[in-house]
Amino acid sequence: MFENILYHSEIVKLLRDDIKNNKLPSSLLFYGDVYTGKLTAALELARVLSCEKDGDWSCSCSSCEQHRVLDSPDTVLLGSHYFLEEIEACGDVLRRNRQITGQYQFIRAVRKLTRRFDPQIWEGQENKLKGLSSELEKIELILEKVQPGAILPNEKKLNKLLVDSGKICKKIISYISSDNIPISHIRNVTFWSHTTFSGTAKVIIVEGSDSMGEASRNALLKIIEEPPPSVYFILISTRKNKIIPTILSRVRPYNFRSRTESEDKTIIQRIFKDESVEFKNLRDYFMGMKGINLSILRQYANKIIVTVQDANELNIDDFSELIEIISESNMLKVFLEEMLLLLHTKLPGASGFEEGLSIQLLTKWNELIHTTILNKRSFNQNTKLLFETLLYQMRNEI
């Protein structure tokens with residue numbers, strides 16, 4: 001079991017031991033940076049818990065067969081994810097490497113998105129999904145043609161299917177407007193967990209658990225305090241410190257460390273079948289799939305750090321080119337993530353450490369950037385205004 005969880009041997013051992021000794025808690029927290037495999041591990045844990053045999057990846061039981069293509073009725077997915085990047089990357093693998101592993105990868109990438117619209121999640125709010133059902137049906141028809149074991153269409157037809165799937169998935173993603181998980185979704189899965197029983201474990205995976213609104217947090221807290229038998233909650237977060245203490249005290253945390261550059265390159269080669277040396281980590285790889293030039297964004301991120309420290313008056317016009325770049329296709333989030341990564345290199349002990357930047361200042365800047373990301377996602381505020389406000393807030397903290 002957990003054969004597909006790479007470079008997290010300590011976490012795998014903990015999970016295996018807990019399962020073997022019947023000590024796995026009903027509520028878990030998988031936390032760490034993006035692209036560290038948290039959702040993959042959560043989905044694998046859900047499969048193992050539902051397995052009718054020994055939990056091996058190649059298990060032939062009906063439950064494992066459903067889980068391998070993310071079609072199990074006993075697992076629910078809530079929250080947001082970097083859907084399109086993964087779908088495009090896995091589609092590229094299938095295009096280049098017409099093998100069963102590529103079929104599994106692509107189907108799983110797509111269903112990480114489509115399973116966010118399961119009926120048990122949206123019950124009572126079907127009107128909000130008006131027009132989406134046809135898109136979900138279209139994407140399922142495409143997945144039927146690339147199911148593991150099926151004979152794939154010829155190169156031209158397969159390429160068209162992958163292009164069409166990308167367009168459909170973009171429409172589906174538009175229905176996930178922010179990282180905020182509505183309280184209705186928590187209530188619906190709570191009702192589902194109490195009222196249906198299939199004889200196997202039921203798993204509720206909550207991504208973005210650190211950015212839920214107060215009402216949703218309280219509803220989640222209530223159910224994890226007294227979960228039904230054989231029901232497991234796996235919370236996923238990039239910011240453990242933003243999860244309220246009352247929830248944090250009721251979950252067992254598992255820290256997914258960032259992989260080394262060498263480890264990420266190995267994953268790109270083994271999982272995504274790409275021997276390219278231009279990508280140093282999974283973030284670079286996924287952004288490259290979207291045609292994003294991260295080197296330009298990194299140069300601007302460094303320029304901002306230097307500028308806000310300068311004694312001269314800030315001039316937003318100096319960043320007009322950057323504002324134009326990040327105003328397109330929701331690039332603000334990508335750029336702000338680059339700023340966060342740059343700040344990490346400024347910490348004491350890091351290779352880019354600068355004496356003039358205290359931990360307190362870096363921490364405050366980090367919080368300001370995270371708040372800006374959330375404001376953009378949740379309220380879709382004007383990009384230029386958000387960016388300008390952030391710069392002046394960073395300057396005021398010096």
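Report the calculated FRET efficiency for Arg395 and Thr246 (r = Cβ-Cβ distance, R0 = 51 Å), to the nearest 0.05.
The pair Arg395/Thr246 has a calculated efficiency of 0.90.
Evaluated at 4 °C with a viscosity of 1.567 mPa s, what Stokes-Einstein diffusion coefficient in µm²/s does the range 89-185 have when Rh comes from the Kirkwood expression over alpha-carbon pairs? Show your work: numbers first, answer last.
On the way: Rh = 14.4 Å.
Translational D for this selection: 90 µm²/s.
Beyond 28 Å between alpha-carbons counts as too far, so tell me which of Lys38/Lys364; Lys20/Lys242; Lys38/Lys202; Lys38/Lys156 fall in that bin. Present the calculation step by step, with values, prior to reporting the outcome.
Working: Lys38/Lys364 26 Å; Lys20/Lys242 32 Å; Lys38/Lys202 18 Å; Lys38/Lys156 35 Å.
Table pairs above 28 Å Cα-Cα are Lys20/Lys242; Lys38/Lys156.
Pairs to check: Lys280/Lys384; Lys138/Lys160; Lys303/Lys346; Lys303/Lys384. Give those whose C-alpha atoms are more than 20 Å from each other in this structure.
Lys280/Lys384
Residue by residue through the range 382-394, what is 3J(HN,Hα) from phi via Karplus (6.51 cos²θ - 1.76 cosθ + 1.60, θ = phi - 60°)? Round to whole Hz and write x for glycine and proline.
3J(HN,Hα) across the range 382-394, in whole Hz: 4, 4, 4, 5, 4, 5, 5, 4, 4, 4, 5, 5, 5.
Read phi for every residue in the range 257-262 and hand back ³J(HN,Hα) as whole Hz from Karplus 6.51 cos²θ - 1.76 cosθ + 1.60, θ = phi - 60°, with x for Gly and Pro.
My calculation for the range 257-262 gives 5, 5, 6, 6, 4, 5 Hz in order.
Which far-off residues, 5 or more places away or on another chain, put their amide H under 5 Å from the one on Ser27, with H placed in the peptide plane?
It is Phe233, Arg252, by chain and number.
How many percent of all Cα-Cα pairs in the range 292-396 sit more than 20 Å apart?
35
On a full-extension model of 0.36 nm per residue, what is the gain between Trp57 and Ile100, subtracting their alpha-carbon distance, rounded to one decimal in nm?
Values: separation 43, 0.36 × 43 = 15.48 nm, distance 1.43 nm.
Stretched fully, the Trp57-Ile100 segment lengthens by 14.1 nm.
I need to check one value: relative contact order of the range 211-313, counting alpha carbon pairs closer than 8 Å and at least 6 residues apart, in percent.
Computed value for the range 211-313: 15 percent relative contact order.
Using all alpha carbons of the range 204-298, what is the percent of pairwise distances in each 10 Å bin, ordered from the shortest bin to the longest?
Percent of pairs per bin, in order: 13, 32, 23, 23, 8, 0.
Near Pro245, within a Cβ-to-Cβ distance under 13 Å, what is the net charge of the other residues, with Lys and Arg +1 and Asp and Glu -1?
+3
In percent, what relative contact order does the chain have, based on Cα pairs under 8 Å that are 6 or more apart in sequence?
Relative contact order, the chain: 20 percent.
When only alpha-carbon atoms count, how far does the range 123-247 stretch along each of its three principal axes, as whole angstroms with the largest first?
Here the spans come out as 54, 34, 31 Å, largest first.
Among the listed pairs Lys290/Lys333; Lys167/Lys376; Lys112/Lys170, which have their C-alpha atoms separated by more than 21 angstrom in this model? List each step's numbers first, then the result.
Working: Lys290/Lys333 14 Å; Lys167/Lys376 23 Å; Lys112/Lys170 13 Å.
With Cα atoms farther than 21 Å apart: Lys167/Lys376.
Relative contact order, percent, of the range 292-396 when contacts are C-alpha pairs under 8 Å separated by at least 6 residues?
30
Distance in nm between label sites at Arg270 and Ser133, each 7 Å beyond Cα in the beta-carbon direction?
4.4
For the range 134-154 and the range 1-39, what is the separation of their Cα centres, given in Å?
31
Using the C-alpha gyration tensor of the range 41-120, what are the square roots of 5 times its eigenvalues, in whole angstrom, with the largest one first?
Equivalent ellipsoid of the range 41-120: 21, 18, 9 Å, largest first.
Rg and Dmax of the chain, using alpha carbons, in Å: what are they?
21.7, 67
Note the full-extension length gain between Gln381 and Glu65 as 0.36 nm times their separation in residues minus their Cα-Cα distance, in nm to one decimal. Numbers along the way, then the final one.
Details: separation 316, 0.36 × 316 = 113.76 nm, distance 4.34 nm.
Stretched out fully, the Gln381 to Glu65 stretch lengthens by 109.4 nm.
So what is the 222 nm mean residue ellipticity for the chain from helices alone, if each DSSP H run of at least 4 adds -39500 (n - 2.57) and you divide by all residues, rounding to the nearest 500 deg cm²/dmol?
Only helices count here, giving -17000 deg cm²/dmol.
Readers should treat all values here as calculations from the given coordinates under stated rules, not as data from a laboratory. None of the values given here were measured: they were computed from a predicted structure. Backbone-built Cβ (ideal geometry, glycine too); neighbour counts: all protein chains shown.
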